[in-house]
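Beneath this line is the structure, given in structure tokens, with notes to follow.
The values are calculated or read from the model by the stated rules, or taken from the named source; none is laboratory data. What you see is a predicted model, and the numbers here were worked out from it, not measured in a lab. All Cβ positions, glycine included, derive from the backbone under ideal geometry; neighbour counts span all protein chains shown.
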Amino acid sequence: MKRKLKNQKGFTLIEIIAVLIILGILAAIAVPKYMDMMDDAKKQALEGAVAEGMSTMSLAYAKEMMANGSATMTAIVAMANANKPASDEFSYTFARTNTSAATVTVGGKAGSDFAAATAVTKSWQKP
């Protein structure tokens with residue numbers, strides 16, 4: 001004899017398949033957007049690190065001017081290299097290019113999320 005169950009609750013197979021299809025479509029749209037957002041965030045972080053390197057050069061210039069009344073590029077670069085920003089993600093290099101300019105190069109450290117990132121170099125001019 002068959003028993004008829006009262007108050008059966010649950011989802012039918014068709015309802016479950018429909019939900020899985022909708023979730024699959026959403027995932028197919030969301031994952032590529034998430035990857036693009038991650039790449040953009042890494043680029044922005046690298047640009048922020050370059051800006052930090054540029055401000056390190058400006059700070060070294062200001063310290064030299066206050067201490068000595070003048071500032072040579074050699075002294076500015078030496079001070080910037082001695083006071084590099086502390087970072088687990090980025091490596092900073094400061095180099096003199098001429099008597100009134102230097103370059104700031106920022107790259108990713110090995111083992112960090114930015115290890116494969118292309119190093120960015122910007123020129124800093126003495127004010």
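List of remarks:
- Pair list, Cβ under 9 Å, 6 or more apart: region 61-76 residue in contact (Cβ under 8 Å) with a residue 24 or more places away in the chain and surrounded by 17 or more Cβ atoms within 10 Å (Cβ to Cβ), other residue among the acidic types (Asp, Glu) and part of a helix (DSSP H, G or I): ALA71/GLU64; ILE76/GLU64
- Pairing residues of region 110-124 that are free of Cβ contacts under 8 Å to residues at least 24 places away in the same chain with residues that are surrounded by 10 or more Cβ atoms within 10 Å (Cβ to Cβ) and part of a loop (DSSP other than H, G, I, E, B), at Cβ distances under 7 Å and at least 6 apart in sequence or on separate chains, gives ALA115/LYS109.
- Which numbered condition LEU20 fails, given (1) on the phi < 0 side of the Ramachandran plot; (2) modelled with pLDDT under 95; (3) not β-branched (Val, Ile, Thr): (2)
- When each of ALA49, ALA41 is tested for being under 30 Å from ALA116 (Cα atoms), at pLDDT below 90 and surrounded by 10 or more Cβ atoms within 10 Å (Cβ to Cβ), the lone residue that passes is ALA41.
- Filter pass, PRO85 being surrounded by fewer than 15 Cβ atoms within 10 Å (Cβ to Cβ) and either of a type in the set (S, T, N, Q) or without any contact (Cβ under 8 Å) to a residue 40 or more places away in the chain (or both): yes
- Residue within region 30-38 that is in a helix (DSSP H, G or I), among the charged types (D, E, K, R), under 27 Å from the mean Cα position of the chain (by Cα) and closer than 30 Å to THR121 by Cβ present: yes
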